[in-house]
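In what follows, a structure is listed as structure tokens, so that the remarks can point back to it.
Derivation of every value follows stated rules applied to the coordinates shown; laboratory data play no part. Not measured: the values here are computed from a predicted model. Counting neighbours? That spans all protein chains shown, and the Cβs are built from the backbone with ideal geometry, glycine included.
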Amino acid sequence: MRMNTLLLGALTLGSTAALAAAPAPVDYDLYRSLVISVRTQGAFRVPMPDGHDLGLSFHLELAQPLQERPLVADLPVDASGDHYVRAFWDRLMLKDGSALNVGTDRPPLTCVYVQGQDNRFSGKTSPLTPDFLLKVYLVANDFSCTGPINPGWPETTGVKETWDTYLYYEVRDPTLMLPTAPRIRYRWNEFQAVFWNGGLP
Amino acid sequence: MKRLTWTLVVVGLFVAAASAHETRGETVWYPMPDEAYLFGTRYPEAQRVLFAFDYGHALVYERLLVDRGKIDDPEAYERRVLAEIQNVIAHPPATKQDEADIAPNYVFTFPLVLNMMDWSHLLHQFVLDVLSTSQDRGPALVERVRQIHAQYAAKPAVAITSSCKSMVYMDGQYFSKAFRRTYPSLNLLIWSYHWFQIHLFEALMAPTQPARDQGVADTLRRFRALIADLPDSADFDDMPDTAVEAPVFSRTFPFLASAFDNNHMLHDIVSDILTSDRVADSAVRAEGQRMARMDLDPLAYQVPCKIPGGNP
């Protein structure tokens, strides 16, 4: 409920801010192109104190987008309305055969959910803040890609979140598409992971 | 509505700030100088190449650490890693990357080295920022750089010394030169990085803006030529020496020239530790820390500076 209220408020305020300063035109194709550029495979490890790190990996094949174009909202970062962060959300279904590999388990990956952030209009000056931030969820076991929050919760269901298993990471530079800050949620248990950047095959 | 508006402003700020994450103990420069990262505003291509260096350094270290003792064909291995890094340099990132995202094993094996490198690289960056933006090209510029250096030196636990060191520090250890002998192209790539950094400083010492712009453009062009066909394209017999490559910069800021050379030597030392089979796996972490301590110590391997004013 709170998230819906905030989103609705953000959309409303974005519209209000538009009166104060004309926002940049929305480039839906750019945002969709960022989303479909996510990695189709990768390997990660969960560091363990006993030295036996947990290895996990994924491979996926993109299918159709679940929505015609990304959802977009401008979130003001100051009272003037001149500076704003442009948030976008998109979902793509995945083809059968896409899967996570966690130990001996291979839960099916069913969709990609991306919560994006376009900081180019935020007034930022430091390269430490990226132009784009993509928060990528590779979702398993949700064949309708309903999440992250169950619609109508708590009236419709006692469980707030939809996804029991997903691999999450952030991309801070679309040139590299380097996964950062990864974590795995496996059957509701969450672990911080590291991207396993190669090494000998 | 007003309350909702401010709630959302706060949300917006939070969202904008949610671009950083904690993955390790970082060395943070606070408050940052007013000029921080303005070099990249004026010279975005050069700034992106510097960000690519961070990626390349970290990737080399991670590969050498993870694959240590398992590399049967060093030449093929070198070609593969080199191609990967060349691709990043050809398409450099616009944002500074955290080493922990590229090299998660390296950062936890060399924590002191990493703290020192982070701190030193911030000094590099902020000096570039000052040199590229200062309207004054005389005493005020020098004073501003001294202020930056004073803030750097105020954290002696991680500040690489400005004392001039003998090359024996780098080349006189039992594991020395293993990297350059085993992976000559990767070594020349790293020396070319260092050449690029040094020459940027020199280019920014030019008295006029057009000359500085031209100098940075020339440095970029010459750097790309240096790494175009490694190992043949980079004709270095030794690590580039700041006093030789950047004489104006070194005469103006001798304490920086020596500190940067000491940083570059530590880079090579880490590469040698990771490459040499004379360093036991169990000793890698301790050797990294031991050698890093020497880079903090102004007396270790100290020699007279080629340019007066280097030794504190």
> Using only the Cα atoms, what convex hull volume per residue in Å³ does chain B have?
Replying inline: 150 Å³
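Dipole size in debye (nearest 20) for chain B around its Cα centre, Lys and Arg Cβ +1, Asp and Glu Cβ -1?
Its charge dipole is roughly 780 debye.
Assign one of three labels to region B:58-126, namely rounded, prolate or oblate, based on the Cα gyration tensor with a ≥ b ≥ c the square roots of its eigenvalues; rounded applies when a/c is under 1.5, prolate when it is not and a/b is larger than b/c, and oblate otherwise.
Note, shape of region B:58-126 comes out oblate.
Report the rotationally averaged projected area of chain A based on its alpha-carbon convex hull, in square nanometres.
The orientation-averaged projected area of the Cα hull of chain A comes to 13.5 nm².
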>> Below 8 Å between Cα atoms, with a sequence gap of 6+, how large is the relative contact order for chain B in percent?
In response: 23 percent
> What order do you get for A:D105, A:D74 when you list them from fewest to most C-beta neighbours inside 10 Å?
Replying inline: A:D105, A:D74
> With the Cα gyration tensor of region B:212-312 giving a ≥ b ≥ c as the square roots of its eigenvalues, does the rule (a/c under 1.5 for rounded; else a/b larger than b/c for prolate; else oblate) give rounded, prolate or oblate?
Replying inline: oblate
> Taking the Cα centre of chain A as origin and charging only Cβ (+1 Lys, Arg; -1 Asp, Glu), how large is the dipole, in debye to the nearest 20?
Replying inline: 140 debye
>> For a quick check: sort B:T242, A:T156 by the number of other beta carbons within 10 angstrom, fewest at the front.
In response: A:T156, B:T242
> Principal axis lengths of the protein assembly as shown from Cα atoms, whole Å, largest first?
Replying inline: 77, 56, 39
>> With +1 on the Cβ of every Lys and Arg and -1 on the Cβ of every Asp and Glu, and nothing else charged, how large is the dipole of the protein assembly as shown about its Cα centre, in debye rounded to the nearest 20?
In response: 780 debye
> Taking the Cα centre of region A:110-168 as the origin and placing charges on Cβ (Lys, Arg +1; Asp, Glu -1), which of A:T146, A:V159, A:F132 is farthest toward the positive end of the dipole?
Replying inline: A:F132
> What does the charge count near A:Q115 come to, summing +1 for each Lys or Arg and -1 for each Asp or Glu among other residues with Cβ under 9 Å from its Cβ?
Replying inline: 0
> In whole Å, what is the distance between the alpha-carbon centres of region B:72-91 and region A:96-124?
Replying inline: 28 Å
>> In Å and on Cα atoms, what radius of gyration and Dmax does region B:60-186 show?
In response: 18.3, 56
>> Give me the percent relative contact order of region B:195-304, please, defined on Cα pairs under 8 angstrom at least 6 residues apart.
In response: 20 percent
> Rg and Dmax of region A:114-201 over Cα atoms: what are they, in angstrom?
Replying inline: 16.0, 51
>> So if each residue of separation counts as 0.36 nm, and I subtract the Cα-Cα distance between A:L128 and A:H59, what length gain in nm does that give?
In response: 21.8 nm
>> Output the 0 to 90 degree angle, nearest 10, between the alpha-carbon long axis of helix A:2-20 and the longest principal axis computed from the alpha carbons of chain A.
In response: 40 degrees
>> Let me test this: with uniform point scatterers at the alpha carbons of region A:23-69, what is the Debye-based log₁₀ I(q)/I(0) at q = 0.18, 0.30 1/Å?
In response: -0.72, -1.10
> Would you list B:W29, A:W188 from fewest to most Cβ contacts within 10 Å?
Replying inline: A:W188, B:W29
> Given just the C-alpha atoms of region A:85-163, how large is their convex hull per residue in cubic angstrom?
Replying inline: 136 Å³
> Quick one: Cα centre-to-centre distance for region A:29-70 and region B:200-226, in angstrom?
Replying inline: 40 Å
> For the residue pair A:T157 and A:D105, what label-to-label distance in nm results when each label sits 7 Å from Cα along the Cα-to-beta-carbon direction?
Replying inline: 1.7 nm
